[in-house]
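Before any comments, here is the structure.
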Amino acid sequence: MARFFTMRRKVGLVNKLAPRKGRLFDYGCGTGHFLAAAKSNGWQVAGWEPNPGPGRTPPNG
């Protein structure tokens, strides 16, 4: 639940700084939770995690 609010807050910050939604690339996206939240908010997303470990499968943008 806390992760949901944190991601929503981060997406809100991106929306404020870039009011026109477009493409968003997250380098070091980890598990991809931020990308998933941004995508559900209307962004076209892509990400890359340079150090994949257990459970780190970023969503396919």
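Conditions (1) modelled with pLDDT under 95; (2) hydrophobic (A, V, I, L, M, F, W, C); (3) outside any loop (DSSP other than H, G, I, E, B); (4) surrounded by fewer than 16 Cβ atoms within 10 Å (Cβ to Cβ), marked per residue:
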site: Phe4; (1), (2), (3), (4): yes, yes, yes, yes
site: Arg8; (1), (2), (3), (4): yes, no, yes, yes
site: Phe25; (1), (2), (3), (4): no, yes, yes, yes
site: Gly30; (1), (2), (3), (4): yes, no, no, no
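For region 42-61, what are the residues that are at pLDDT 95 or above and assigned to a loop (DSSP other than H, G, I, E, B)?
Gly42, Trp43
The values are calculated or read from the model by the stated rules, or taken from the named source; none is laboratory data. In this text the structure is predicted, and so the values were computed from the model without any measurement. With ideal geometry, Cβ positions are generated from the backbone for all residues, glycine too; neighbour counts draw on all protein chains shown.
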